Amino acid sequence: MTGPPLLDRRLCFVLGKGGVGKSTVAAALGLLGARAGRRTLLVEVAARRRLSRLFAGAAIGADRPTELAPGLFGLSIEAERAMEEYLDMQLKVRPLVDLLVKSRAFHSFAAAAPGLPELVTLGKIWELATHVEDGRPVWDVLVVDLPATGHGIALLEVAGRVHELAASGPIREQSAKIAEVVGHPAATGIAVVARPEELAVTEATEAVAALREKGLPAAVAVMNGVCARRFTPEDVPVLEAALAATPDGAAATAVRAALAHAHRERREQGQSAQLAEGVDLPVVELPELITARMDLDGVGILAGALGASPAVAPAGTRVAG
Amino acid sequence: MNLGPVLAGRRVVVVCGAGGVGKTTVSAALALGLAAEGRRVAVVTIDPARRLATALGMAGLSDEPRRVDPAAARDAGLDMRGELWALQLDPKATFDRLVTRYAPSPEARDRILANRIYRHFSGTVAGAQEYMAVERLHELVDEERFECVVLDTPPAQNALDFLDAPERMGRFIEGKGLRLLLAPQTKAGRLGWKALHAGSSMVLSLLERLTGGQLLRDVSEFLQSFDGMYAGFRDRAAAVRTLLLSEEARFLVVTGPEPEPVAEAVMLWDHLAHDRYPVAAVVVNRVHPLPPEGDPDPAALAAALTAAGAGDGAHLAGAALESLQDARTVGRRDHDDVAEIRRTLDDPPLATVPALPDDPVELAGLARVTRELVTA
């Protein structure tokens, strides 16, 4: 499946296994969008608060977008709140909404109707992505930091599922509209994030296969945390010989660190090749940042690396990496 | 530290922590260690790396425990005095089995298994996976085939979701309010209908307006088909909770040495302690060791590398020194994070596992982690 560069699509989802750095990649994509002059909204779901931490503690609000950087806004979506907003929109009469929200039957229905929290969350994202004011879309790009793989895919596919389940009623029509946008590669792109580790690569490969099967537009794979390329295969026997000649002392410590790095480089190249082959998508590699902590400067560096990829950067804005 | 004494004699070990910290590896390594010490142990894993699953003798999803070949463990350098069994959780299969067990009649069972809502969502509904992990744990403890069950908790939005899962599942199965509304023909329904009538017809018609009548009917049919099963689920949930709160259980909190998982681990620890779960120790996984102090003289290093056959000794020495610098930065960062956990949690029992070049996916690698956790 092909489509425009990721950030030329209105909806960008970031998916991946826990611990691979999804939120960091989402933040970097958001920053890149804003740098390219797009009005960009960075969305986190289920109050994970990781984005807030990356942007120096800027509290990302649930009621209105918070400006995180010039042109970059953040919003946190919570299912309960999204549900009330949805009901408000549908029923248009506040006392009716209150009646529903306070009734036990409604809560039973909400707990039992599987996928309802996911549906209202995705519905809210869709609503933000398609919202028009004064004849133009409010947001050029939404970047959504999804929950970990399984839960993330459940969220992406919920509209299609509900559409199948509901035979009639507004829910059926609305879920069809949402599913159409989320499934269309001109409107939506999914970035699948991995790290150079076996489990993360396998999970990314399987996630892309699952997305394809469900007709969801996987756009790009991101290999996060790749170590610096420093050594050639020819360096390894030299380093080993040096270690054998001087196995103790400060020189040996440095040579051991070099060998460990060289081996890691080779292993990571194997994993990158495996990812590229497994996902059959453009793969963007992001450097591992050896700093004490990931901060806004780090996010900026990653945004630059993402901006060098034609699969990611908005058309006409690509900068030399 | 050696976690062996902390876990001695416990029947359940629950391994929890944020996603991506290596819970599965730690669970499997611990189980291996307890089995090596002579106990009959089962490890319940969730979505392990394929090679790890293979190393543990699990072929694909298998809800039934399979025994890890003792000869393979010996080859990995562990003297296996007990038995290690492993299984991979299959939430859908467990849910189906549960329905089969608690359904009041074969007709009721078939009605649920065939219900469209059930089929679409039994893998994801209301924390089904979390609930199934707890449920399978209880089954295994109940069977008394194993002296100890090690549970790798599922990846969840919140690492503690699985503790509330039985209750949430109970509420879901119960679905009282809606059933009362939708099933006025039953006795309870009639009473409920009367009691709730004033506001409820309005609520129902609003719901119908939003969802279309058919989805509402499907959901209500789904809920009604669980009629008569609620007591079974509720009793189960209570039994699991009692077990997990008892002296027979121990909780371990696993984390990696990064700020996010550490923050989550601290929260997890406090929450478990507050709710009186027997939380026993923290495991910090993948800690990078600090290289010994002292940098070599660049010129001397370059000369040594040239003597070893380097074309450009100075260049290679530069790259080696950069790598050493990186290793120091990362080692110091990890060291500080471990210190931070000790300080914040007031010096809890804490074991560290050094970062290995690759995540251990074979028994030999696993055995290395085992030695850090159980015999160190």
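Of note:
- log10 of Debye I(q)/I(0), alpha-carbon scatterers only, for the protein assembly as shown at 0.11 Å⁻¹: -1.24
- Excluding the site residues themselves, the longest part of chain B lacking any trypsin sites (Lys or Arg not before Pro) in a DSSP loop with at most 11 other Cβ atoms within 10 Å is B:82-275.
- Going from the fewest other Cβ atoms within 10 Å to the most, the residues A:131, A:163 appear in the order A:131, A:163.
- Radius 11 Å from Cβ of residue A:165, net charge of other residues (Lys, Arg +1; Asp, Glu -1): +2
- Helix B:23-36 axis, angle to chain B major axis (alpha carbon atoms, nearest 10°): 80
- Only one residue of B:36, B:255, B:16 has its Cα farthest out toward the positive end of the dipole of the protein assembly as shown, where Lys and Arg carry +1 and Asp and Glu -1 on Cβ, and that residue is B:16.
- With the gyration tensor restricted to C-alpha atoms of chain B, the semi-axes of the equivalent ellipsoid amount to 49, 24, 19 Å, longest first.
- Rounded to the nearest 20 debye, the dipole magnitude of chain B is 1900 debye, with +1 charges on Lys and Arg beta carbons, -1 on Asp and Glu beta carbons, and the Cα centre as origin.
- The local environment of residue B:315, defined by Cβ-Cβ distances under 13 Å, has a net charge of -3 under the rule Lys, Arg +1 and Asp, Glu -1.
- Since only A:308, A:89, A:210 are under comparison, the one whose Cα sits farthest along the positive direction of the charge dipole of chain A, derived from C-beta charges on Lys, Arg, Asp and Glu, is A:89.
- The Cα-based radius of gyration of the range B:326-365, divided by its Kirkwood radius, gives an Rg/Rh of 1.09.
- Against chain A, whose longest principal axis comes from its Cα atoms, helix A:116-130 is set at around 80 degrees.
- Long-range tail of P(r) for the range A:11-136 (Cα pairs > 22 Å, %): 43
- Peptide B:307-316 - average C-beta neighbours from other chains (10 Å radius): 5
- Pairs over the 26 Å Cα-Cα cut-off, from the set A:124/B:92; A:124/A:214; A:102/A:214: A:124/B:92; A:102/A:214.
- Between helix A:79-91 and chain A there is an angle of about 30 degrees, using the helix long axis and the longest principal axis of the Cα atoms.
- Placing +1 on the Cβ of every Lys and Arg and -1 on the Cβ of every Asp and Glu, with nothing else charged, gives the protein assembly as shown a dipole about its Cα centre of roughly 2120 debye.
- Distant-in-sequence amide contacts of residue A:42, defined by a placed amide H-H separation under 5 Å and a gap of 5 or more residues or a different chain, comprise A:73, A:74, A:75, A:143.
- Comparing Cα centroids, the range A:163-212 and the range A:9-82 end up 19 angstrom apart.
- Rounded to the nearest 5, the antiparallel percentage of DSSP beta bridges internal to chain B is 5%.
- Chain A: calculated mean residue ellipticity at 222 nm from DSSP helix runs of at least 4, using -39500 (n - 2.57): -16500 deg cm²/dmol
- Neighbourhood charge, 14 Å Cβ-Cβ cut-off, centred on residue B:269 and excluding it, Lys, Arg +1 and Asp, Glu -1: -2
- Remark: chain A carries a charge dipole of roughly 500 debye about the Cα centre, counting +1 on each Lys and Arg Cβ and -1 on each Asp and Glu Cβ.
- Positive-end residue of B:365, B:354, A:5, charge dipole of the protein assembly as shown with Cβ unit charges: A:5
- Those aspartates and glutamates that a straight Cα-Cα span of less than 14 Å connects to residue A:17, excepting residues fewer than 8 apart in one chain: A:145, A:197, A:198, A:203, A:206, B:47
- Structure-based [θ]222 nm, chain B - -39500 (n - 2.57) summed over DSSP H runs of at least 4, per residue, nearest 500: -18000 deg cm²/dmol
Bear in mind these aren't lab numbers, they're just calculated from the coordinates by the rules spelled out. Computed from a prediction, not measured in an experiment: that's the story for all the values here. Positions of Cβ are generated from backbone atoms using ideal geometry, with glycine treated the same way; all protein chains shown enter the neighbour counts.
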